[in-house]
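The values are calculated or read from the model by the stated rules, or taken from the named source; none is laboratory data. From a predicted model like this one, the values you see are computed outputs, not experimental measurements. Glycine gets a Cβ as well: all are built from the backbone with ideal geometry, and neighbour counts include every protein chain shown.
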Amino acid sequence: MDEIGIKQAKKLKQTLKDIHFDIVISSPLLRATHTEYILTNYDNQIITDERLRERSCGTLNGQSLEVTNREEYWNYYSSVNYGINENIQVFFKRVWSFLDELKCKKYDNVLIVAHSGVSKAFSAYFEGIKDGKFLNRGLKNCEVKIYEL
């Protein structure tokens, strides 16, 4: 996490300071667990769930965004496959299985620390697939969206 990300996380911590979370669950990726540490003041054990990992981009990893049509990459109905990557429908189903399981728990407030792609899958789960275009339906760094299960 860079300096900007740390500042964003500290600002979000202030925004969330008066909210009690029954549990905080993070993606196991380092940038998400680092954000969770900042938000929870290093007091809580990090609980991670593999289903909250970002979408696997396979052979696109480390390449410039220009090698893909990002609109197509984040289109739920697209059949275009850029290299060896995780199909968007498979990715969404992975995230949705996490939400389906969480729905069975008795938590009042849960904080999820994840990634923009995961937030796109959350959007589809709670708001529907609509036209299938998800490029602009994800959250930005340290942005919060509240959903009710």
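Working carefully through the options Asn61, Asn109, find the one that is within 20 Å of Leu30 (Cα to Cα) and over 14 Å from the mean Cα position of the chain (by Cα). So the residue among Asn61, Asn109 that is within 20 Å of Leu30 (Cα to Cα) and over 14 Å from the mean Cα position of the chain (by Cα) is Asn61. Selection over the range 114-133 of residues that are of a type outside the set (A, V, I, L, M), over 17 Å from Glu36 (Cα atoms) and without any contact (Cβ under 8 Å) to a residue 40 or more places away in the chain gives a count of 8.
Could you please let me know if Val95 is buried (at least 17 other Cβ atoms within 10 Å of the Cβ) and free of Cβ contacts under 8 Å to residues at least 60 places away in the same chain?
Details: buried (at least 17 other Cβ atoms within 10 Å of the Cβ): yes; free of Cβ contacts under 8 Å to residues at least 60 places away in the same chain: yes.
Spelling it out, Val95 is indeed buried (at least 17 other Cβ atoms within 10 Å of the Cβ) and free of Cβ contacts under 8 Å to residues at least 60 places away in the same chain.
Please enumerate the residues belonging to the range 64-92 that are among the acidic types (Asp, Glu), without any contact (Cβ under 8 Å) to a residue 40 or more places away in the chain and more than 25 Å from Ser26 (Cα to Cα).
Residues of the range 64-92 among the acidic types (Asp, Glu): 66, 71-72, 86.
Adding the requirement that they be without any contact (Cβ under 8 Å) to a residue 40 or more places away in the chain leaves 66, 72, 86.
Once the filter is applied, which keeps residues that are among the acidic types (Asp, Glu), without any contact (Cβ under 8 Å) to a residue 40 or more places away in the chain and more than 25 Å from Ser26 (Cα to Cα), the range 64-92 yields Glu66, Glu72.
Total residues in the range 16-56 satisfying the condition of being among the β-branched types (Val, Ile, Thr), assigned to a helix (DSSP H, G or I) and in contact (Cβ under 8 Å) with a residue 40 or more places away in the chain: the figure is 2.
When only residues in the range 36-77 that are aliphatic (A, V, I, L, M) and loosely packed, with under 14 Cβ neighbours inside 10 Å count, which is nearest to Val95 (Cα to Cα)? Walk me through how you get there before you give the answer.
Of the range 36-77, the ones aliphatic (A, V, I, L, M) are 38-39, 46-47, 52, 60, 65, 67.
Next, from what is left, pick out any that are loosely packed, with under 14 Cβ neighbours inside 10 Å: 47, 65, 67.
Numbers: Ile47: 16, Leu65: 23, Val67: 26 Å.
Here the residue is Ile47.
Taking the condition without any contact (Cβ under 8 Å) to a residue 60 or more places away in the chain, of a type outside the set (Phe, Trp, Tyr), in a helix (DSSP H, G or I) and surrounded by 14 or more Cβ atoms within 10 Å (Cβ to Cβ), does Leu12 pass?
Numbers: without any contact (Cβ under 8 Å) to a residue 60 or more places away in the chain: no; of a type outside the set (Phe, Trp, Tyr): yes; in a helix (DSSP H, G or I): yes; surrounded by 14 or more Cβ atoms within 10 Å (Cβ to Cβ): yes.
When the stated conditions are applied, Leu12 does not pass them.
Among the residues that make up the range 81-91, is at least one of them at pLDDT below 95, closer than 13 Å to Tyr147 by Cβ and either surrounded by fewer than 12 Cβ atoms within 10 Å (Cβ to Cβ) or of a type outside the set (Lys, Arg) (or both)? No; the residues of the range 81-91 include none that is at pLDDT below 95, closer than 13 Å to Tyr147 by Cβ and either surrounded by fewer than 12 Cβ atoms within 10 Å (Cβ to Cβ) or of a type outside the set (Lys, Arg) (or both).
Can you spot a residue in the range 57-77 that is over 23 Å from Asn136 (Cα atoms) and either among the hydrophobic types (A, V, I, L, M, F, W, C) or in a loop (DSSP other than H, G, I, E, B) (or both)? Taking every residue of the range 57-77 in turn, none turns out to be over 23 Å from Asn136 (Cα atoms) and either among the hydrophobic types (A, V, I, L, M, F, W, C) or in a loop (DSSP other than H, G, I, E, B) (or both). The residues on offer are Asn136, Asn141, and the sole one that is under 26 Å from Gly58 (Cβ atoms), in contact (Cβ under 8 Å) with a residue 40 or more places away in the chain and assigned to a loop (DSSP other than H, G, I, E, B) is Asn141.
Determine whether the range 123-131 contains at least one residue that is on the phi > 0 side of the Ramachandran plot, modelled with pLDDT of 95 or more and surrounded by 14 or more Cβ atoms within 10 Å (Cβ to Cβ). Checked the range 123-131: no residue is on the phi > 0 side of the Ramachandran plot, modelled with pLDDT of 95 or more and surrounded by 14 or more Cβ atoms within 10 Å (Cβ to Cβ).
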